[in-house]
Amino acid sequence: MTDLAPWAVRPNATRGRLHPEPESATRSPFQRDRDRIIHSSAFRKLQYKTQVFVNHEGDFFRTRLTHSIEVAQIARSVARELALDEDLAEALALAHDLGHPPFGHAGEEALALAMKPFGGFDHNAQSLRVVTLLESRYAGFDGLNLTWEALEGLAKHNGPLRKPPAYVAEYAARHEIALTTQPSAEAQVAALADDIAYHAHDLDDGWRAQLFAPADLAHLPVVGPAVAEAARASLDVPPPRLRHETIRRVIHAMITDLVEETRRRAAALAPRDADAVRSAKAPVVAFSPPMAEANRVIKEFLSARMYRHWRVNRMTAKARRVTGELFALLHADPSLLPDDWRGRAGEGGTARAAQTVADYIAGMTDRFAREEYVRLTDLSVRG
């Protein structure tokens with residue numbers, strides 16, 4: 001792998017899988033990880049899970065699936081530019097949202113509240129739970145049996161975990177995945193690709209939904225100049241192209257800054273291998289301070305003008321109620337669960353039942369959650 005940077009993770013030096021398997025003659029270990037993620041049922045269900053707008057609100061708005069694909073595209077492009085392992089970065093980008101419940105952050109907030117007496121709920125921990133336990137595709141093991149590097153990156157792609165969620169700590173106790181060090185450079189790329197994709201497509205979707213107009217973006221760093229440049233390039237074209245021209249400029253500016261700042265940090269640290277990145281005091285992959293501040297300002301704008309918009313708030317309130325009531329009904333009486341879940345739950349009201357119900361709900365799509373709620377609460381509907 002002479003074409004990789006010295007500090008890249010090398011597929012021919014992987015620390016392997018929890019359950020040993022023969023290597024593929026045609027794919028690297030990280031390519032196999034990516035392929036297993038794509039073929040998982042959890043990945044397919046992302047198509048019908050909310051990003052911001054609930055799935056039925058419009059065909060053009062992002063879902064968890066389209067978001068994950070966009071993150072993967074950005075992660076792969078950045079990894080290529082930095083001479084990192086593209087397949088590992090892509091696999092981590094595709095897997096990072098597998099643990100999200102239906103209805104986006106509203107669903108997660110409702111599950112976290114319901115699970116508070118039983119250890120809480122965290123979508124990152126749930127993603128690890130999906131790939132190490134809940135996927136049932138192979139005869140010899142639960143989960144997807146991903147490489148050590150994929151599991152490490154998935155568990156701590158946002159940084160070292162000093163106080164990991166319960167399941168992450170439990171898993172690490174039997175399969176040590178170095179929770180307290182920095183993640184690999186590939187995992188760091190996937191994490192910041194998530195930020196870039198989030199800001200870009202939420203600006204796009206909020207603009208499309210008319211929650212704000214181009215004039216409302218003029219004061220924002222990065223975005224304001226992008227709007228102005230796009231307007232000069234779009235004088236004689238239909239209005240939707242202004243939005244597209246703006247968003248691609250925002251993405252380009254963020255990626256360019258990320259690559260330049262990462263190269264500067266890598267030159268200063270001069271890491272000799274991937275473990276030198278893990279043992280560094282700070283991330284190697286990062287935005288420059290001005291771009292990090294711009295991202296903070298953009299996030300605040302989106303929080304105020306999109307995530308807390310009254311139209312979004314109404315759907316969020318309904319989603320929280322549906323998720324919370326589903327949990328309460330099923331936790332109190334696990335006999336309402338389908339056969340393959342009922343045996344796992346045991347007696348109602350217990351911690352075991354709570355975890356089973358949380359797994360069941362977290363695996364639902366928006367559509368299935370709405371339908372299940374109706375089946376459990378409407379006397380006119382057959383269960």
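The values are calculated or read from the model by the stated rules, or taken from the named source; none is laboratory data. On a predicted model such as this, the values are computed, not experimentally measured, just so you know. FYI the Cβ positions are ideal-geometry reconstructions off the backbone, even for glycines, and counts take in every protein chain you see.
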Enumerate the pairs (first residue in segment 9-28 and among the aliphatic types (A, V, I, L, M); second residue anywhere and modelled with pLDDT of 95 or more and assigned to a helix (DSSP H, G or I)) with beta-carbon separation below 7 Å, excluding pairs fewer than 6 apart on the same chain, so at least 6 apart or on different chains.
Val9/Leu88; Val9/Glu149; Val9/Glu186; Val9/Ala274
Confirm whether Thr262 is within 17 Å of Asp202 (Cβ to Cβ) and surrounded by 13 or more Cβ atoms within 10 Å (Cβ to Cβ).
no
Only one of Ala172, Ala187, Ala89, Ala166 is modelled with pLDDT under 95 and hydrophobic (A, V, I, L, M, F, W, C). Can you tell me which?
Ala166
Show me the helices (runs of 4 or more DSSP H) entirely contained within segment 278-383 in which 2 or more residues are within 25 Å of the chain's Cα centre (by Cα), in contact (Cβ under 8 Å) with a residue 60 or more places away in the chain and surrounded by 15 or more Cβ atoms within 10 Å (Cβ to Cβ).
289-302, 310-332, 351-362, 366-377
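I'd like to verify a number: residues in segment 177-190 that are surrounded by fewer than 24 Cβ atoms within 10 Å (Cβ to Cβ) and either touching a residue at least 24 places away in the same chain (Cβ under 8 Å) or more than 21 Å from Gly119 (Cα to Cα) (or both), how many? Show your work before the answer.
If we filter segment 177-190 for residues that are surrounded by fewer than 24 Cβ atoms within 10 Å (Cβ to Cβ), which is where we start, we get 177-182.
Filter once more, so that each one left must be either touching a residue at least 24 places away in the same chain (Cβ under 8 Å) or more than 21 Å from Gly119 (Cα to Cα) (or both): 177-179, 181-182.
So the count comes out to 5.
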Requiring at least 3 residues that are without any contact (Cβ under 8 Å) to a residue 40 or more places away in the chain and within 30 Å of Ala5 (Cα to Cα), the helices (runs of 4 or more DSSP H) wholly within segment 59-146 are 64-81
Any chance you could count how many residues in segment 176-214 are assigned to a loop (DSSP other than H, G, I, E, B) and not charged (D, E, K, R)?
13
